[in-house]
Amino acid sequence: AVVRLALFWFWPSFRRAPLALLGAALLLHAWDVSVVAQRYVEFKAPAELLTKPAFLNVLPPTSLEGEPFRILDLPNVRAQNTGALFGYETVQGYHGVQMAAPMKLIQAVGQRQLDWINLVNGRYIISHDPITVPGWKTLGSAPYVYENPFALPRAYLVAKSSFAKDDSDAFAQL
């Protein structure tokens with residue numbers, strides 16, 4: 001009897017409950033989307049985005065002639081993947097999320113960052129700040145563009161190799 005009385009008393013509000021839940025879910029979704037948009041989405045005018053930055057003009061053209069190369073654009077120079085918009089391949093790749101294999105390689109070389117840049121064919125380095133590395137040639141300033149003559153080619157033969165039983169062993173041998 002008490003259950004019947006409760007159902008009779010609250011029945012109109014039970015019928016409205018799905019609508020209230022839907023409204024609450026939509027409000028929560030709108031708030032979540034606005035927070036994500038504020039943190040991760042940056043709107044730019046197409047003309048601003050598609051205008052080739054002047055510092056890329058000092059690099060050789062991206063063509064099938066000559067040896068292929070990659071650029072390493074350090075943080076705070078331009079938006080991520082700017083080089084890719086104009087046909088340049090970057091050391092970091094084109095992913096918004098860091099990939100596991102390159103991160104393992106970076107960890108394996110540890111403090112030998114110049115060896116890593118050479119190993120991944122980083123021929124040109126673009127930096128917001130000046131860098132002093134013996135042998136690197138300065139091609140432009142503000143942002144600074146450097147040519148790395150020690151970068152290894154995309155494919156090369158090694159004089160000596162060693163066997164590794166798995167990936168972790170291979171990275172440890174680096």
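Quick notes on this one:
- Failed condition for Thr132, given (1) β-branched (Val, Ile, Thr); (2) more than 17 Å from Tyr88 (Cα to Cα); (3) modelled with pLDDT under 90: (3)
- Segment 110-129 - residue that is small (Gly, Ala, Ser) and at pLDDT 85 or above and, of those, farthest from Val158 (Cα to Cα): Ser127
- Remark: pairs (first residue in segment 72-99, under 15 Å from Asn121 (Cβ atoms) and at pLDDT 80 or above; second residue open to solvent by 50 Å² or more (accessible area, probe 1.4 Å) and outside any loop (DSSP other than H, G, I, E, B); Cβ separation under 7 Å; 6+ apart in sequence or on different chains) = Glu89/Arg70; Thr90/Arg70; Val91/Arg70.
- Residue count for segment 46-81 under the criterion of being in a loop (DSSP other than H, G, I, E, B) and on the phi < 0 side of the Ramachandran plot: the result is 19.
- Taking the numbered list (1) at pLDDT below 85; (2) out of contact with any strand residue (DSSP E or B) (no Cβ under 6 Å at 6 or more places or on another chain) in turn, Phe55 passes all entries but (2).
- Of all residues in segment 20-54 being surrounded by fewer than 10 Cβ atoms within 10 Å (Cβ to Cβ) and among the charged types (D, E, K, R), the one that is farthest from Ser127 (Cα to Cα): Arg39
The values are calculated or read from the model by the stated rules, or taken from the named source; none is laboratory data. Since we're looking at a predicted model, the values are computed, not measured. Ideal geometry is used to build each Cβ from the backbone, glycine not excepted, and the neighbour counts take in all protein chains shown. Protein only, heavy atoms only, side chains kept; ligands, DNA and RNA dropped before computing areas. Shrake-Rupley method; radii C 1.70, N 1.55, O 1.52, S 1.80 Å.
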